[in-house]
Amino acid sequence: HAKEHGRNSFRFVTREMGARSRERLDLEGNLRRAIQEGQLFLVYQPQVDTLSGRIVGFEALVRWRHPEEGLIMPGRFLPVAEESGLVLAMGDWVLGEACAQIRRWKSRFSLSVPVAVNVSGAQFRDGQLPLKVAHALDINGLSGPELEIEVTEGTLIGDVEAAAATLTALKRRGVLIALDDFGTGYSSLSYLHRLPIDKLKIDRSFIHDLSTGASDSSVPRAIVGLGRSLGLSVIAEGVETQEQLRLLRDLSCESYQGFLFSRPVPVEEVEQLLGRREAGEPVPA
Ligand code: C2E
Ligand code: MG
Ligand code: MG
Ligand code: MG
C-alpha cells in the first residue's frame with residue numbers, strides 16, 4: 001500500500017517536473033526573442049523625501065510584454081534569466097535603455113535626480129560591469145551620478161575583495177551604489193564600512209511589519225542608525241500606508257518608495273510627474 005502510494009507520488013512528481021522544465025524552456029526561448037524583439041520595457045517608481053514629499057529619484061524595474069501571455073513580472077522570468085545566463089543580455093538592455101531614458105529626461109525636463117537600475121549577482125560578478133556601465137554612460141553623455149546601481153547584500157558576500165574592486169571601479173566612473181533589500185542577507189556588518197556604498201535600502205518586509213498595533217520598528221531604526229554612523233543615506237522600500245510613513249519620519253529615515261506615493265509607472269506617467277515638477281506644481285505626497 002505504502003509502496004503503491006510512493007510510486008504514484010513519484011510519478012506525480014516527475015510529471016510536475018516535466019511540466020515545469022517545459023515551461024522553463026519555453027520561457028527561455030521566448031525571453032531570448034523578447035530581448036531581441038523589444039518586448040521588454042522599463043517602468044519607474046519614484047523615490048520621495050519623507051519630509052517634503054519631493055521626488056528625489058526613480059528606480060527602473062523591468063517588465064515583459066509577452067505577445068500571447070500579456071504582462072509578465074520579473075518574479076517569473078528573472079529566475080529563468082539567471083539560470084540560463086540570459087540575465088547578462090537582459091542586464092545590458094536594461095542598462096542601455098535606462099541611460100538613454102536619463103539622457104532624454106535630462107534634455108527635456110532637466111532631470112536632476114538619479115535613476116536606479118537593479119543588477120543581478122551574475123551581472124555583478126561578470127567582470128564586465130564597470131566597462132559596460134562606463135560605455136552606457138559615455139554614449140549618452142552622462143557623467144555618472146545620474147545613475148545608481150542597486151545590488152543586494154547576497155551579491156557582495158562570498159568574495160568581498162572582488163566585490164570591493166568592482167564597486168570601486170563603478171565609483172570611479174561616478175555612479176551611485178545602493179544596497180538593495182538591506183537587512184535580509186546573511187552579511188556581517190563588518191564589510192560595510194570597507195565598501196564604497198552610498199545608500200541602504202531597507203527591505204520592504206521590515207516596513208510591512210511597521211503596521212499599527214503589532215508595530216515593530218527595531219530593524220528600520222537600527223538601519224537608519226547604521227546609515228547615519230557610516231554616512232550613508234537610507235531609503236525605505238514598500239511603503240503603503242500613511243502610518244508607515246509617519247513612523248519613518250519619526251525615525252528620521254530620509255526617503256521612501258512605495259505604493260503610497262506611486263506604483264512603478266510607464267515613461268509617459270513619469271513625464272507627467274517631471275513636467276508638473278518643473279512647473280513648480282506640488283506633486284502628490
Ligand atoms: P526590488 O529591486 O527590491 O524592487 C522593488 C519591488 O517591490 C518591485 O517589484 C516593486 O514593484 C515592488 N514594490 C514597490 N513598492 C511596493 C509597495 O508599496 N508594496 C509592495 N508590496 N511592493 C512594492 P518588481 O518590479 O516585481 O521587481 C521585483 C524584483 O525583481 C526587484 O526587487 C528586483 O530584485 C528584480 N528586478 C526588477 N527589475 C530588474 C532589472 O531590471 N534587473 C534585475 N537584475 N533585476 C530586476
Ligand atoms: Mg531594487
Ligand atoms: Mg528591494
Ligand atoms: Mg526586493
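The values are calculated or read from the model by the stated rules, or taken from the named source; none is laboratory data. Every value quoted in this text rests on a predicted model; they were computed, and no experiment measured them. Note that each Cβ is placed from the backbone with ideal geometry, even for glycine, and that neighbours are counted across all protein chains shown. Note: accessible area is taken over every heavy atom of the protein model, side chains too, but ligands, DNA and RNA are not part of it. Shrake-Rupley method; radii C 1.70, N 1.55, O 1.52, S 1.80 Å.
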If exposed means GluC sites (Glu not before Pro) lying in a DSSP loop and surrounded by at most 10 other beta carbons within 10 Å, then the longest stretch of the chain lacking such sites spans residues 69-285
Given the protein chains as shown and a 1.4 Å probe, how many square angstrom of TRP105 are accessible, to the nearest 10? 0 Å²
With the contact rule set at Cα under 8 Å and sequence spacing of 6 or more, what percent relative contact order holds for region 138-283? 17 percent
Apply the a/c threshold of 1.5 to the C-alpha gyration tensor of region 62-202 and tell me whether it is rounded, prolate or oblate. oblate
Once normalised by the length of the chain, the mean sequence separation of its alpha carbon contacts under 8 Å that are 6 or more apart gives a contact order in percent of 17 percent
Check: C-alpha center region 130-200 vs C-alpha center region 34-81, spacing in Å is 20 Å
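Given a Förster radius of 25 Å and the C-beta distance between ASP159 and GLU83 as r, what FRET efficiency does 1/(1 + (r/R0)^6) yield to the nearest 0.05?
Efficiency, from the Cβ-Cβ distance: 0.75.
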Rounded to a whole %, the carbon-and-sulfur portion of the accessible area of the chain at a 1.4 Å probe is 52 percent
What nm distance separates the two modelled labels at ARG172 and LEU189, each placed 7 Å from Cα along Cα→Cβ? 3.1 nm
Residue-normalised value, i.e. accessible area per residue, for the chain at 1.4 Å probe, in Å², stands at 50 Å²
Length gained when the stretch GLU243-PHE109 is fully extended (0.36 nm per residue, less Cα-Cα span): 45.0 nm
Using a Förster distance of 25 angstrom, determine the FRET efficiency expected from the C-beta separation of SER205 and PHE41, and round it to 0.05. 0.35
Contour minus end-to-end for GLU278 and ILE139, with contour as 0.36 nm per residue of separation and end-to-end as the Cα-Cα distance? 47.4 nm
Rounded if a/c under 1.5, otherwise prolate or oblate - region 163-204, Cα gyration tensor axes: oblate
Compute, for ASP26, the solvent-accessible surface of its heavy atoms (probe 1.4 Å) with the complete set of protein chains present, and express it in square angstrom to the nearest 10. 90 Å²
Can you tell me the dipole magnitude for the chain around its Cα centre, using point charges on the Cβ only (Lys, Arg +1; Asp, Glu -1), in Debye to the nearest 20? 260 debye
Which of GLN36, LEU232, THR184 sits farthest toward the positive end of the charge dipole of the chain, with +1 on the Cβ of Lys and Arg and -1 on the Cβ of Asp and Glu? GLN36
DSSP beta bridge pairing in region 19-159, given as percent antiparallel to the nearest 5: 65 percent
With n ≥ 4 as the cut-off for DSSP H runs, can you work out [θ] at 222 nm for the chain, using -39500 (n - 2.57) per run divided by the number of residues, rounded to the nearest 500? -16000 deg cm²/dmol
